[in-house]
Amino acid sequence: MALPMSAWVSLIGTVPCTTGRLSRVRAADFQTAGVKFKHILTPQSRQLGPKPATSPVRGHINAALRADKFSTTTTLWKSGHGSASFLPQGGRGWLGKFALGATLGVTAAALVQSLHTGTFTAMALKVNLNSADGDWKEAKDFLLSLSVKDRRQYYRTSNSVPLDDIPVWTPTADASKSGAYERNEKLDQKISLYSGDITKLEIDAIVNAANKTLLGGGGVDGAIHRAAGPLLKKECASLHGCETGEAKITCGYGLPAKYVIHTVGPIAQGGVGENEKKALRSCYKNSLKTATDNGARSVAFPCISTGIYGYPPEQAVHEALATVREYLDAHHDKLDRVIFCVFLPTDKELYLQNLPVYFPAA
Ligand code: APR
């Protein structure tokens with residue numbers, strides 16, 4: 001039944017629901033719903049039905065549930081299957097209650113669906129990842145609330161590579177490569193060596209070899225910013241830089257990766273001492289910690305500092321592999337995959353030679 005929103009609102013606006021008074025829902029709240037979704041749940045009520053919190057509407061609802069912030073309406077939805085039933089207290093017979101409940105149940109579900117669609121469309125229309133004019137916070141909230149499938153329409157790069165298409169590296173039993181590390185079977189299936197462009201990887205987080213300003217540059221930093229779009233730089237600017245060895249996280253925006261973890265490697269033009277080694281290890285360790293702190297379970301690293309910053313790749317590979325091995329020994333339950341993303345054939349060779357030392361077979 002196509003009724004204007006105000007009619008639906010007046011219909012349900014004053015009906016007490018089964019488990020509590022429904023405070024008066026203001027028509028204005030619903031009418032602006034298409035632009036900005038008003039939360040219609042109270043902290044006590046459960047989520048609407050079993051639908052996953054992947055849509056923007058549920059993302060907003062869950063965000064509100066988490067933040068305990070509720071704007072205008074406090075509708076207790078009887079959870080169950082995304083439906084709600086409002087039955088007047090006392091007064092009407094069971095048939096009246098049933099009829100009204102059924103009608104309102106459908107109304108409520110239709111209303112949530114229309115809000116869902118309306119909000120989704122409104123947000124989708126508002127998110128423009130090609131323009132620096134957008135509100136990066138709003139775009140970030142919206143994108144992070146989407147499932148991988150829903151987010152694909154926003155990628156600014158073609159030929160993204162899903163995690164399932166990135167093969168797991170399996171060590172071959174090669175006694176000549178025995179080293180300081182014993183095999184840890186918990187780490188089987190958790191390491192990948194991938195040759196190619198890190199900006200294509202459809203995973204939870206890619207690591208950016210950034211500089212201290214975090215405002216972009218050349219190399220992998222430039223590639224990541226180009227693929228993500230201008231809102232990445234806007235969010236980076238809000239982070240006020242990053243010290244060598246530290247790591248900071250942003251949304252991936254137009255990238256297939258959900259997040260970008262920006263870290264600043266040591267500059268090793270004049271050679272590598274203890275300070276440079278320590279700083280490079282910190283980049284890998286702090287990036288992994290930032291990932292797990294944010295629930296990212298698949299992470300890809302470029303060969304940090306081995307390009308413009310001049311760290312010798314044949315030395316950097318040991319700091320990278322040792323740090324990742326030690327972090328996974330301690331936190332293997334928090335990560336599903338760590339991907340070493342190499343761009344140069346020489347780097348690929350270096351990793352193939354040294355992976356068996358840090359991740360030996362039986
Ligand atoms: N995907 C994966 N790896 C890449 C990509 C890419 N698209 N582009 C470059 N690389 C590799 C390089 O081949 C190198 O092995 O990333 C590694 C790191 O090289 P740089 O990007 O030069 O990074 P780094 O040496 O850490 O220097 C950082 O360079 O880009 C600027 O702003 C950045 O000032 C900072 C400095």
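The values are calculated or read from the model by the stated rules, or taken from the named source; none is laboratory data. Predicted, not measured: the structure shown is a model, and the values here were computed from it. Cβ: placed from backbone, ideal geometry, glycine included. Neighbour counts: every protein chain shown.
Annotations for the structure displayed:
- Within region 128-157, the set of residues being surrounded by fewer than 17 Cβ atoms within 10 Å (Cβ to Cβ), aliphatic (A, V, I, L, M) and assigned to a loop (DSSP other than H, G, I, E, B) comprises Ala132 only.
- Ile198 satisfies every condition listed in (1) of a type in the set (A, V, I, L, M, F, W, C); (2) more than 9 Å from the ligand (Cβ to nearest atom); (3) under 29 Å from Leu146 (Cβ atoms) except (2).
- Every condition in (1) within 10 Å of the ligand (Cβ to nearest atom); (2) surrounded by fewer than 20 Cβ atoms within 10 Å (Cβ to Cβ) is met by Val220 except one, and the failing one is (2).
- Lys334 charged (D, E, K, R), surrounded by 13 or more Cβ atoms within 10 Å (Cβ to Cβ) and within 16 Å of the ligand (Cβ to nearest atom): no
- Residues located in region 233-278, provided they are over 22 Å from Leu321 (Cβ atoms) and assigned to a helix (DSSP H, G or I): Lys233, Lys234, Glu235, Cys236, Ala237
- All positions within region 162-217 that are in a loop (DSSP other than H, G, I, E, B) and over 25 Å from the mean Cα position of the chain (by Cα): Thr170, Pro171, Thr172, Ala173, Asp174, Ser178, Gly179, Ala180, Tyr181, Glu182, Arg183, Asn184
- Scanning region 330-358 for residues that are part of a helix (DSSP H, G or I), touching a residue at least 12 places away in the same chain (Cβ under 8 Å) and within 24 Å of the chain's Cα centre (by Cα) returns His331, His332, Lys334.
- Annotation: of all residues in region 248-283 being without any contact (Cβ under 8 Å) to a residue 24 or more places away in the chain and of a type in the set (Gly, Ala, Ser), the one that is farthest from the ligand (Cβ to nearest atom) is Gly273.
- Against the numbered list (1) more than 21 Å from Lys248 (Cα to Cα); (2) in a helix (DSSP H, G or I), Leu288 comes up short only at (1).
- Selected residue (criterion: nearest to Leu146 (Cα to Cα)) from residues of region 223-232 that are assigned to a helix (DSSP H, G or I) and of a type in the set (Gly, Ala, Ser): Ala228
- Figure legend. Inter-residue proximity from region 208-227: first residues at negative phi and among the charged types (D, E, K, R), second residues within 6 Å of the ligand (Cβ to nearest atom) and assigned to a helix (DSSP H, G or I), beta-carbon distance below 9 Å, spacing 6+ or different chains. Indicated pairs: Arg226/Thr199.
- Val299 vs. criteria in a strand (DSSP E or B), at pLDDT 95 or above and crowded, with 22+ Cβ neighbours inside 10 Å: yes
Yes or no, residue by residue, for (1) buried (at least 22 other Cβ atoms within 10 Å of the Cβ); (2) within 15 Å of the ligand (Cβ to nearest atom); (3) among the small types (Gly, Ala, Ser):
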| position | (1), (2), (3) |
| --- | --- |
| Ser287 | yes, yes, yes |
| Thr306 | yes, yes, no |
| Gly310 | no, yes, yes |
| Ala320 | yes, yes, yes |
| Leu328 | no, no, no |
| Leu344 | no, yes, no |
| Lys348 | no, yes, no |
